[in-house]
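Participant: Would you mind keeping the following structure in view while I ask a few things?
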């Protein structure tokens, strides 16, 4: 069974849960395949839909694994495997981390960053894929926070350097005044 995090169902701020995000409601259904599907078929589907991964499911539609573009490049191409004979099950990452729609965005942002993975399937109560979040989805969530942090950092920098700015501004005004007086003479 794939792993999930234990997070409170209540959000700390508006839009903090995965299901609260606008992206969640508009995301297309994740691309899925069986472990027995040949890589060449899976890559064809991924290319047609412009998806970066395919979720491997069992006969009941429950997640067994995930195959990413990087898996195809490193394991199939780099390993000189035959894409027509190699199956998704041969190269998939078993039991990938999965989230529930009530999980908090910031929890998963931290986990994905620490564990270095870029795609997060979101599953229903039966373990079937409902959506797929990527690092890009998390960046869009944190962007307002980052902008606010940059604004606060700029204010703190100006405030901590205010005496120097005051002295520098005074010197600049004195220099301009001197140039004007000398220029008028």
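Participant: If you take the square roots of the eigenvalues of the alpha-carbon gyration tensor of the stretch 21-98 and sort them as a ≥ b ≥ c, do you get rounded (a/c under 1.5), prolate (a/b over b/c) or oblate?
Facilitator: It is prolate, given that a/c is not under 1.5 and a/b is the larger ratio.
Participant: Relative contact order (percent) for the stretch 65-134, with alpha-carbon contacts under 8 angstrom and 6 or more residues of separation?
Facilitator: 25 percent
Participant: Still on this structure: At a Förster distance of 25 Å, what's the computed FRET efficiency of residue 113 paired with residue 74, Cβ-Cβ distance as r, to 0.05?
Facilitator: The calculated FRET efficiency here is 0.75.
Participant: I would also like to ask the following. Spin-label point model (7 Å from Cα, Cβ direction): what's the residue 43 to residue 62 distance in nm?
Facilitator: 3.2 nm
Participant: Expressed in nm to one decimal, what extension gain is obtained for the pair residue 172 and residue 134 from 0.36 nm per residue of sequence separation less their Cα-Cα distance? All intermediate terms of the calculation are to be shown ahead of the outcome.
Facilitator: Details: separation 38, 0.36 × 38 = 13.68 nm, distance 5.01 nm.
Working it through step by step, the gained length comes to 8.7 nm.
Participant: Go through 97-106, 26-35, 126-135 and give me the packing order, highest mean Cβ count within 10 Å leading.
Facilitator: Per-residue mean Cβ counts within 10 Å order the peptides as 97-106, 126-135, 26-35.
Values quoted throughout were computed directly from the atomic coordinates according to the rules given, and no laboratory measurement underlies them. This is a predicted model, so every value here is computed, not measured. Methodologically, a virtual Cβ is constructed for each residue, glycine included, from the backbone with ideal geometry; neighbour enumeration extends over all protein chains shown.
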